[in-house]
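If you scroll down you'll find the structure; I have some questions about it.
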C-alpha cells in the first residue's frame, strides 16, 4: 500500500497511489525521537522535508488520548510523476482526464514504513513526534502491526503534561511569588517528555520546592524555608500546622529520584537510572502538590 500527497493541493491518494481518498484524511509528518537533539531536527513541512515519515490518522480517542493510523516512509525521489484518477474535490467533472481515465500529477510518494519494524520490539515503547518544528506533539508507540494489505498500523498514546500539571491560579499566589512560581512550573511543563528523564525530574524538584515553600510562607511560616532543599521542605509541609501528608511523601519521592540523576550516587548505591516513567511520576507529583495546596485552577 502506498500514499501520495499532491505537491500543489495537498490532496491525498492511495494504492499506487492512484486512488483519491475521500473524505480527505488527516496526515502528519512524523519522526522517531531517540535523543533530545531530535526535537531540533523535526521536519518543516512536506515541501521542505519530503523525506520524513508520514502518519495517516484513522481514529482518535480524546478520552484515552490515543491515535491509531498507518505509518509511511518515503519512496524514491520526491516528488515524482504518477498517473492517478482525478480527485473529485479538485476536478469534479473530470476535465483533466486523459488516457485510461487518468491524469498526471506530481506527488510526494510514500510506502508502508517497514523501517519501524526493524527497530527493537518493532518500535513498541519508542517515542514519536507528530507535526513540524513550529508545532509538534509527543506520542508513545504502544502497538505495532502489519495489516492484510501490507500497511504498518500503529497505535499511539499521548505524552503531554497538560492534564497532569494543572494551570496555576495566580489570583491565589502572593504577588511577590508570582514570577518564581510561574517560571518554575512553566519550565517543568516545557521539559515534559522532551528532555531527558533526569532533566524533567530536576525541573519538577525545583518547581515543587518553590511552590510548597512559598505556600508555607503565605500560611505564616518563617521565610527561612525559602532557602531549604526539597527534602527539608517536604518534611516540614507534612507536619502540623500544614499536615499535607500526601504532598509531603510525593515530594520526598521526587527528591530521591533527583539523586538518581547523579552518576556517583547511582554507582555507590547501585541505583536504577531514571526512565521516562519516573519523570512522569515527578510531573504527577507536581500536579498533586498544586491541587493539594489550592493553587490549581
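Coordinate-derived values only; no laboratory data. These numbers were taken from a predicted model, which means no experiment stands behind them. Heads up, the Cβs are rebuilt from the backbone with ideal geometry, glycines too, and the neighbour counts pull from every protein chain shown.
Under 10 Å, Cα contacts only: if you run a Gaussian network model on the chain, which one of 253, 168, 147 comes out with the highest mean-square fluctuation?
Its mean-square fluctuation being the largest, the pick is 147.
Moving to a separate point now. If the chain between residue 199 and residue 291 were fully stretched, how many nm would it gain, using 0.36 nm times the residue separation less the Cα-Cα distance?
So the chain would gain 30.8 nm between residue 199 and residue 291.
Helix 178-191 sits at what angle to the longest principal axis of the chain, using alpha carbons and giving 0 to 90 degrees rounded to 10?
40
May I pose another question? As a footprinting exposure proxy, order 110, 82 by other Cβ within 10 Å, with the fewest listed first.
Neighbour counts put them in this order, fewest first: 82, 110.
Just to be sure I understand: with springs between alpha-carbon atoms less than 10 Å apart, which residue in 63, 254, 185 has the highest mean-square fluctuation in the Gaussian network model of the chain?
63
Oh, and also: With N denoting the number of residues in segment 178-232, provide Rg(C-alpha) divided by 2.2 N^0.38 Å, to two decimal places.
1.19
Could you give the angle, 0 to 90 degrees to the nearest 10, between helix 276-292's Cα long axis and the longest principal axis of the Cα atoms of the chain?
60
Simple spin-label model, 7 Å along Cα-to-Cβ: residue 218 to residue 77 in nm?
6.3
Rounded to the nearest 10 degrees, what's the angle between the helix 197-218 long axis and the longest principal axis of the chain, both from Cα atoms, 0 to 90?
Between the helix axis and the principal axis of the chain, the angle is about 40 degrees.
Could you grab the relative contact order for the chain? Cα pairs under 8 Å, six or more apart, rounded to a whole percent.
15
How would 286, 230 line up from fewest to most surrounding beta-carbon atoms within 10 angstrom?
Ascending number of Cβ neighbours within 10 Å: 230, 286.
For a test of the definition: using alpha carbon positions, the gyration tensor, and the 1.5 limit on a/c, classify the chain as rounded, prolate or oblate.
Since a/c reaches 1.5 and a/b is larger than b/c, the shape of the chain is classed as prolate.
Sticking with this one: Among 263, 44, 26, which one shows the highest mean-square fluctuation when the chain is modelled as a Gaussian network with alpha-carbon springs under 10 Å?
263
Taking neighbour counts of Cβ atoms within 10 Å as a proxy for exposure, in what order, fewest first, do 153, 170 appear?
170, 153
Let me ask something else about it. Would you mind calculating the gained length between residue 149 and residue 37 on full extension (0.36 nm times residue separation, minus the Cα-Cα distance), in nm to one decimal?
36.8 nm
Helix-only estimate, please: 222 nm mean residue ellipticity of the chain, summing -39500 (n - 2.57) across DSSP H runs of length 4 or more and dividing by its residues, to the nearest 500.
It comes out at -9000 deg cm²/dmol, rounded to the nearest 500.
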